[in-house]
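Structure, as structure tokens:
The values are calculated or read from the model by the stated rules, or taken from the named source; none is laboratory data. None of these values were measured; they are calculated from a predicted model. All Cβ positions, even for glycine, are placed from backbone atoms using ideal geometry, and neighbour counts span all protein chains on display. Heads up: the accessible areas ignore ligands, DNA and RNA and are worked out on the full protein's heavy atoms, side chains in. Shrake-Rupley method; radii C 1.70, N 1.55, O 1.52, S 1.80 Å.
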2 protein chains.
Amino acid sequence: MNKAVDVSCMCGKCGDCPIYNRTVCRAGTTDAMAQLNRIAHQRTYPRGSVIQAQGETCDIVGNIFDGVIKLSSSSVNGDDHIVGLLFPSDFFGRLFAEESRFSYEAATDVSLCAISRPAFERFLADHPEVEHEMHKAKLDELDAAREWAAITNGHTTMQRVATLIYVFSRRSENQHLRGDAARHPIVHVPLSRRDIADYLGTTPETLSRNIQMLSRNDVIRIVDSKHFELLDSAELIRYSGESREDLNRIAAH
Amino acid sequence: MNKAVDVSCMCGKCGDCPIYNRTVCRAGTTDAMAQLNRIAHQRTYPRGSVIQAQGETCDIVGNIFDGVIKLSSSSVNGDDHIVGLLFPSDFFGRLFAEESRFSYEAATDVSLCAISRPAFERFLADHPEVEHEMHKAKLDELDAAREWAAITNGHTTMQRVATLIYVFSRRSENQHLRGDAARHPIVHVPLSRRDIADYLGTTPETLSRNIQMLSRNDVIRIVDSKHFELLDSAELIRYSGESREDLNRIAAH
DNA sequence: CGGGTTGTTGACTTCCATCAAATTCGGTGG
DNA sequence: CCACCGAATTTGATGGAAGTCAACAACCCG
């Protein structure tokens with residue numbers, strides 16, 4: 001197998017690309033990356049826009065550059081359920097399928113590297129070492145999806161809420177904290193209450209009650225609707241009903 | 001890419017293999033299959049035995065020949081959740097990972113073609129066209145897992161029960177029906193009530209109540225605890241809260 | 001023929017979805 | 001800058017679905 005070379009991302013402006021060190025961008029050789037650069041292009045979507053609708057033909061795939069994409073399935077009755085969230089450096093889109101079973105929607109403003117699906121499939125056929133990396137990443141994603149399914153099922157809403165906040169606290173850990181280092185970390189959850197509720201399989205009302213409860217019990221402080229100060233990490237873990245190790249494994253994604 | 005040849009299954013006794021026409025056994029060339037035959041071997045597990053424990057090193061992978069494997073995640077409190085079921089011709093095991101996040105247990109007596117994981121990974125490295133097929137199969141599995149997660153979340157227990165029975169009715173459709181063709185189909189659900197409950201994210205008690213309810217309303221007739229006569233398919237679909245098309249897509253797996 | 005497992009039924013309680021109303025927030029134009 | 005509007009969030013009150021505890025029946029297997 002060719003040695004992977006740490007080269008530029010396929011987005012085309014890779015000097016300052018923050019996500020260059022993952023899956024696709026890491027596995028390919030310099031030649032492969034050059035090839036990718038020719039077929040990839042940057043795009044942005046405003047919050048709320050649909051990148052790929054459920055049941056439509058799958059046109060594009062790619063890497064998320066910035067923002068959060070929600071992967072959701074909506075049934076006939078109008079109530080939809082979010083089955084996954086995609087973050088920067090995650091791959092989005094459905095390879096090797098004509099139509100998408102889920103919709104990909106921008107939960108925040110999103111910018112991404114897009115590639116035409118057929119073009120990327122041809123690229124993968126030429127570069128099995130890249131497909132191998134994609135395959136491994138998908139196996140991890142499958143494990144994560146199942147792990148999340150196990151959580152949303154066997155647990156109370158409060159446990160799910162606590163788990164979510166903890167996972168997001170780990171995710172935003174390496175970002176700049178407001179104020180001095182001695183302060184408690186600020187957790188940023190860039191989703192609306194409705195989106196969080198859809199992800200956790202509950203309603204905005206019940207979600208709000210649980211968040212307020214955590215606040216009343218001094219586990220978190222609500223800075224604004226999308227920012228929480230984490231006052232008592234150990235207590236949050238207790239509310240989640242999971243062990244710290246399990247939580248960290250989930251957060252690792 | 002090499003042309004796929006419709007050859008024998010890797011289990012080694014392929015003349016009468018009932019599952020030869022899927023993923024691995026279909027994608028490889030004759031040479032590849034011969035190579036597989038050398039490293040694969042048949043094995044059987046009695047009902048209830050653990051094929052691969054959660055957190056243990058992943059030794060073996062392979063194809064299921066007969067029986068049902070449950071893929072479950074158990075938390076510290078002892079309550080475990082079934083995150084997936086694997087049927088004949090499904091691939092089991094976790095490639096490219098040192099330890100398994102889930103346990104693979106025989107829900108019924110199981111016989112399978114087993115291959116050492118490292119040996120199979122070397123095989124895949126030599127045969128990218130087979131890895132490509134594995135990759136595609138996993139993408140389908142990921143979709144199915146997410147679809148199931150959406151079902152277990154947004155729906156009532158009765159809807160989940162109805163969905164499960166319908167899916168199993170489609171699955172056992174091509175098997176021999178008892179009695180004459182005019183009779184209603186017999187649905188075989190080879191799982192214990194506890195396993196079904198764990199899969200649906202409920203309790204044996206609630207599950208039992210719902211099954212009895214379907215029986216009282218003449219949707220099904222309970223032949224014995226694992227066999228149901230499907231009296232009114234349309235009514236079952238109504239109870240499931242899904243459209244017939246969605247159900248069939250789910251059943252297609 | 002017992003004893004243990006599995007499945008069913010009943011009574012009670014808790015959690016959460018629902019409906020409804022109040023409040024806050026974000027943006028827009030005066 | 002402030003007033004205003006609509007959307008998002010929070011709070012309150014209520015009913016229903018389902019989990020829990022407990023007892024019982026059916027089944028399997030030695």
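Average accessible surface for chain A: 45 Å² per residue, computed with a 1.4 Å probe over protein heavy atoms with every protein chain in place. Amide H to amide H distances under 5 Å link B:Ile220 with B:Ser215, B:Leu231, where only residues 5 or more positions off or on other chains count and H is placed in the peptide plane. Proximity of backbone amide H atoms, modeled 1.01 Å from N, is registered between A:Val110 and A:Tyr45, A:Arg47 at under 5 Å, excluding neighbours fewer than 5 places apart on the same chain. Backbone phi angles across segment B:157-168, fed through the Karplus curve with coefficients 6.51, -1.76 and 1.60 (θ = phi - 60°), yield HN-Hα couplings of 4, 4, 5, 5, 4, 4, 4, 4, 5, 5, 4, 5 Hz in residue order; Gly and Pro are listed as x.
3J(HN,Hα) couplings calculated from phi for segment A:214-228 with the Karplus curve 6.51 cos²θ - 1.76 cosθ + 1.60 (θ = phi - 60°) are, in sequence order, 4, 5, 4, 8, 6, 8, 10, 10, 7, 6, 8, 5, 10, 10, 10 Hz; Gly and Pro show x.
Which entries in A:Lys70/A:Lys136; B:Lys70/B:Lys136; A:Lys138/B:Lys136; A:Lys138/B:Lys138; A:Lys70/B:Lys138; B:Lys70/B:Lys226 show an alpha-carbon gap greater than 18 Å? Don't skip to the end; give the middle numbers.
Working: A:Lys70/A:Lys136 22 Å; B:Lys70/B:Lys136 22 Å; A:Lys138/B:Lys136 10 Å; A:Lys138/B:Lys138 8 Å; A:Lys70/B:Lys138 21 Å; B:Lys70/B:Lys226 16 Å.
From the list (A:Lys70/A:Lys136; B:Lys70/B:Lys136; A:Lys138/B:Lys136; A:Lys138/B:Lys138; A:Lys70/B:Lys138; B:Lys70/B:Lys226), the Cα-Cα distance tops 18 Å for A:Lys70/A:Lys136; B:Lys70/B:Lys136; A:Lys70/B:Lys138.
Please give the calculated 222 nm ellipticity per residue for the protein assembly as shown, where each DSSP H segment of at least 4 residues contributes -39500 (n - 2.57) and the sum is spread over every residue; nearest 500 deg cm²/dmol? Only helices count here, giving -13000 deg cm²/dmol. Shape index of segment A:42-142: Rg/Rh, with Rg the Cα radius of gyration and Rh the Kirkwood radius from the inverse mean 1/r over Cα pairs, equals 0.96. Remark: label point of A:Ala119 defined 7 Å out from Cα along the Cα-Cβ vector; separations to the same position in other copies 4.4 nm, ascending. Count Lys and Arg as plus one, Asp and Glu as minus one, and take only other residues whose Cβ is under 12 Å from that of B:Asp143; the net charge is then +2.
Just how many % of Cα pairs in segment A:155-252 lie over 16 Å apart, if you round to the nearest whole percent?
Details: 2475 of 4753 pairs.
Across segment A:155-252, Cα pairs with separations above 16 Å total 52 percent.
Taking label positions 7 Å along the Cα-Cβ direction at both B:Ser75 and A:Thr206, the computed distance is 1.5 nm, reported to one decimal. Taking the Cα centre of chain A as reference, the dipole from Cβ charges on Lys and Arg (+1) and Asp and Glu (-1) amounts to some 380 debye.
Taking amide H positions as modeled 1.01 Å from N, with prolines and chain starts lacking one, the residues under 5 Å from B:Ile51 and 5 or more places away or on another chain are B:Tyr104, B:Glu105, B:Ala106. Across chain B, the mean sequence separation of Cα contacts (distance under 8 Å, 6 or more residues apart), normalised by length, yields a relative contact order of 17 percent.
Counting, for every residue in A:119-126, the Cβ atoms of other protein chains within 10 Å of its Cβ and taking the mean gives 1.
3J(HN,Hα) couplings calculated from phi for segment B:242-253 with the Karplus curve 6.51 cos²θ - 1.76 cosθ + 1.60 (θ = phi - 60°) are, in sequence order, 10, 7, 4, 5, 4, 4, 5, 5, 5, 5, 5, 6 Hz; Gly and Pro show x. A label point on B:Arg216, set 7 Å along the Cα-to-Cβ line, lies at 3.8 nm from each of its counterparts in the other copies, closest listed first. Each Lys and Arg contributes +1 and each Asp and Glu -1, all at the Cβ; summed about the Cα centre of segment B:155-252, the dipole is approximately 120 debye.
Ordering A:Ile165, A:Asn217, A:Val130 by the projection of their Cα atoms onto the charge dipole of segment A:110-253, which places +1 on the Cβ of Lys and Arg and -1 on the Cβ of Asp and Glu, puts A:Asn217 at the extreme positive end.
Overall, segment A:40-159 carries a charge dipole of about 160 debye about its Cα centre when +1 sits on the Cβ of Lys and Arg and -1 on the Cβ of Asp and Glu, all other atoms neutral.
Which percent of the accessible heavy-atom area of the protein assembly as shown goes to carbon and sulfur, probe 1.4 angstrom? Exposed carbon and sulfur together represent 47 percent of the surface.
Interface size between chain B and chain A, please: total buried accessible area, 1.4 Å probe, rounded to the nearest 100 Å². Provide the component values of the computation, followed by the final result.
Values: alone 13060 and 13050 Å², together 22570 Å².
Summing both chains' loss of accessible area gives about 3500 Å².
Quick check on chain A: take the gyration tensor over C-alpha atoms, sort the square-rooted eigenvalues as a ≥ b ≥ c, and tell me if it's rounded (a/c under 1.5), prolate or oblate. Taking the square roots of the gyration eigenvalues as a ≥ b ≥ c, chain A is prolate. Peptides B:184-192, B:162-170 ranked from most to least packed by the mean count of surrounding Cβ atoms within 10 Å: B:162-170, B:184-192.
Rolling a 1.4 Å probe over the protein chains gives B:His132 an accessible area of about 30 Å².
The mean number of partner chain beta-carbon atoms within 10 angstrom of a residue's beta-carbon across peptide A:92-99 is 2.
So what is the relative contact order of segment B:57-161, in percent, for Cα pairs below 8 Å that sit 6 or more residues apart?
On the way: 144 pairs, mean separation 31.9, N = 105.
The value is 30 percent.
Among rounded, prolate and oblate, which fits the protein assembly as shown when a ≥ b ≥ c are the square roots of the eigenvalues of its C-alpha gyration tensor, a/c under 1.5 means rounded, and a/b larger than b/c means prolate? Spell out each step's value before the answer.
On the way: a/c = 1.70, a/b = 1.13, b/c = 1.50.
In terms of gyration-tensor shape, oblate.
Think of the protein assembly as shown as having a plus end and a minus end, set by charges on the Cβ of Lys, Arg, Asp and Glu; of A:Phe228, B:Ala32, A:Asn63, A:Phe228 sits farthest toward the positive end of this dipole. For B:Arg43, the point set 7 Å out from Cα toward Cβ sits 4.5 nm from its twins in the other copies, listed from shortest up. Shielding of peptide A:131-139 by partners, expressed as the average count of other chain Cβ atoms within 10 Å per residue Cβ, is 5.
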